[in-house]
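Notes for the one structure printed next.
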Amino acid sequence: MRIMHVSAECYPIAKVGGLADVVGALPKYQNQLGGDSSVVMPFYNNTFTQKHTFKTIYSARVSLGHNEYDYSILKLKSNVLDFDIFFVDIQELLFKDYVYSADDTDRFLAFQIAVLDWMLTLKKKPKYIHCHDHHTGLVPFMLQECYCYESLNKIPVVTTIHNAQYQGWFGYNNLYKIPDFNLDNIGLLDWNGTINPLAAAIKCAWRVTTVSPSYMEELKQDANGLEGLLRHESAKTVGILNGVDTEVWNPETDTYLIKNYKVSTVEAGKKANKKWLCNEYDLDQDKPLFAFIGRLVGEKGSDLFPDAFDVALNNNDISILLLGSGNPITEGGLNVLKKEHEGKYNAFIGYDERLSHIIYAGADFLLMPSRVEPCGLNQMYSLRYGTIPIVRNIGGLKDTIVDIEDEGFGFVHQNTSVKDICLSIERATAFYSNKKELKKTKKRIMKIDHSWDNSAKKYMQLYKSIKKAKL
């Protein structure tokens, strides 16, 4: 089963969010199940591409309306990953030190056209094409409608929505950049009077998946304007929960950690990592340590943190450590708290992969009060490392975390609000004082299986179910 994933991100090459983690893990686990899964993505100017060498396997020119660009398909010379990965190198458009920018229409449109042009030349074409998010949303449309790709239009296409808030909208003044198609079918591109790549993907893909069952149902009620379309196309939609790459996220072998540990040594392992964090960030290791890791954006509820942390730190004998970046106003508010709660609170504004791993290992509780959380991987990482999640009851968080009071292993609240966040922190602080139950819960959550094994099997079954006929 030859599967080609098309994505803007892939860990460890280029990561902005959870999309990269999924695309960097799913192909590996599919290959372990006997598949032949690979990834094609843009060639960025970043640390990974600077440190590795590549060979050119194909070169041509790609047309983007009135303009043409030289492009090459590159492949890693060394076998760094557990699957083949190909890169589209368009120097003028894609070879940047960033993944996304304010106006990415030309960049990702050229990327998608180049991918399909290259695919036309392959002797062994993929049996299935798996597209991820709006950056690849026009691939299903172009395969179905553009004259030049007619020979590829029998290849089934699956589109996975990782986050429906971002849809890649652009105006009809860019229509001429899309390869020729029957303009009678222009409605397949349109949603609310503009070209909407994610909407086009939902209309034209053979199957549409999201990264958790609950998120799929939530999107049919609230999808930033696409809820009616998803309800209309519901017969071909399915939610498949993301998994965790247990080879990368394993406290027993994680090379980032100060001290490795397993279920039987969780107390000593977490204590050593917590001690390092508290020494590094001037916190008291005897207090319960609450942490947040992620983007400081409204979806994550992080705009509430300056107020919520201030209340929680005044009312509880705790420590809080934050790792993230995003909204400048939120960043400013979080930095102000450093002086007001010195010795009890600290923040690293930015991102550091090693630090994130140590926080998962050293923190006692992980905060995720998200307004929107399609799947969420952080709560699964925290479980793996024996750190108890505090989450809002939404999306993938709803599918993975059960409240302590319901014989579960986490703390769940219903709303993204300062009040709910603080009440959950109070509940967790009280639970922390029950050392026997705390230790028992740490060991319990480390045994929960959220590996990619089951999720990869479900995707393989989905591909097989498509066969040669659309719904």
Conditions (1) surrounded by fewer than 19 Cβ atoms within 10 Å (Cβ to Cβ); (2) under 21 Å from Asp117 (Cβ atoms); (3) of a type outside the set (D, E, K, R); number of the one not met by Met142:
(1)
Residue ID - surrounded by the fewest Cβ atoms within 10 Å (Cβ to Cβ), chosen from residues in the stretch 221-244 that are of a type in the set (D, E, K, R) and touching a strand residue (DSSP E or B) at 6+ places or on another chain (Cβ under 8 Å)
Lys236
Condition broken by Asn163, with the remaining ones in (1) surrounded by fewer than 24 Cβ atoms within 10 Å (Cβ to Cβ); (2) touching a Cys at 6+ places or on another chain (Cβ under 7 Å); (3) under 22 Å from Tyr215 (Cβ atoms) satisfied:
(2)
Search the stretch 355-367 for residues that are assigned by TED's automatic domain parsing to the domain that holds Leu322 and pair each with any residue that is buried (at least 24 other Cβ atoms within 10 Å of the Cβ) and among the hydroxyl-bearing types (Ser, Thr, Tyr) when their beta-carbon atoms are under 6 Å apart and the residues are at least 6 apart or on different chains.
Tyr360/Tyr381; Tyr360/Ser382; Tyr360/Tyr385; Tyr360/Thr387; Ala361/Tyr385; Ala363/Thr387; Leu366/Ser382; Leu366/Thr387
If only one of Lys458, Lys435 is of a type in the set (Lys, Arg) and in the same structural domain as Arg371 (by TED's automatic domain parsing), which one is it?
Lys435
Could you grab the pairs with beta carbons closer than 6 Å, sequence gap of 6+ or different chains, first residue in the stretch 40-58 and closer than 13 Å to Phe95 by Cβ, second one assigned to a helix (DSSP H, G or I)?
Pro42/Phe111
Which condition breaks for Ser151 when tested against (1) over 19 Å from Leu198 (Cα atoms); (2) outside any helix (DSSP H, G or I); (3) of a type in the set (Gly, Ala, Ser)?
(2)
Tally time: how many residues in the stretch 374-404 are of a type outside the set (Gly, Ala, Ser) and either at pLDDT below 95 or part of a loop (DSSP other than H, G, I, E, B) (or both)?
9
Residue check for Asp97: surrounded by 14 or more Cβ atoms within 10 Å (Cβ to Cβ) and either among the acidic types (Asp, Glu) or assigned by TED's automatic domain parsing to the domain that holds Pro374 (or both)
no
Just checking, does the stretch 219-242 include any residue being more than 23 Å from Val157 (Cβ to Cβ) and outside the structural domain of Lys440 (by TED's automatic domain parsing)?
yes
May I ask you to say which residue of Tyr432, Tyr463, Tyr381 is under 20 Å from Ala20 (Cα atoms) and touching a strand residue (DSSP E or B) at 6+ places or on another chain (Cβ under 9 Å)?
Tyr381
Test of understanding: among Ile85, Ile57, which residue is touching a Cys at 6+ places or on another chain (Cβ under 8 Å) and over 22 Å from Tyr166 (Cβ atoms)?
Ile85
With under 18 Å from the mean Cα position of the chain (by Cα) and either surrounded by fewer than 24 Cβ atoms within 10 Å (Cβ to Cβ) or of a type in the set (A, V, I, L, M, F, W, C) (or both) as the only criterion, which of Arg371, Arg427, Arg444 stands out?
Arg371
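Yes/no per residue for (1) in contact (Cβ under 8 Å) with a residue 24 or more places away in the chain; (2) within 16 Å of Pro369 (Cβ to Cβ); (3) assigned by TED's automatic domain parsing to the domain that holds Ala363:
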{"position": "Leu277", "(1), (2), (3)": "yes, no, yes"}
{"position": "Leu283", "(1), (2), (3)": "yes, no, yes"}
{"position": "Asp286", "(1), (2), (3)": "no, no, yes"}
{"position": "Arg295", "(1), (2), (3)": "yes, yes, yes"}
{"position": "Gly301", "(1), (2), (3)": "yes, yes, yes"}
{"position": "Pro306", "(1), (2), (3)": "yes, yes, yes"}
{"position": "Ser319", "(1), (2), (3)": "yes, no, yes"}
Those residues of the stretch 432-460 that are out of contact with any helix residue (DSSP H, G or I) (no Cβ under 8 Å at 6 or more places or on another chain) and either modelled with pLDDT of 95 or more or basic (Lys, Arg) (or both) come to a total of 8
Taking Glu426 and the conditions (1) touching a residue at least 60 places away in the same chain (Cβ under 8 Å); (2) touching a helix residue (DSSP H, G or I) at 6+ places or on another chain (Cβ under 6 Å), which numbered condition does it fall short on, given that it satisfies the others?
(2)
Of (1) outside any strand (DSSP E or B); (2) touching a strand residue (DSSP E or B) at 6+ places or on another chain (Cβ under 7 Å); (3) in contact (Cβ under 8 Å) with a residue 60 or more places away in the chain, Met216 fails just (3)
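The values are calculated or read from the model by the stated rules, or taken from the named source; none is laboratory data. Computed from a prediction, not measured in an experiment: that's the story for all the values here. Counting neighbours? That spans all protein chains shown, and the Cβs are built from the backbone with ideal geometry, glycine included.
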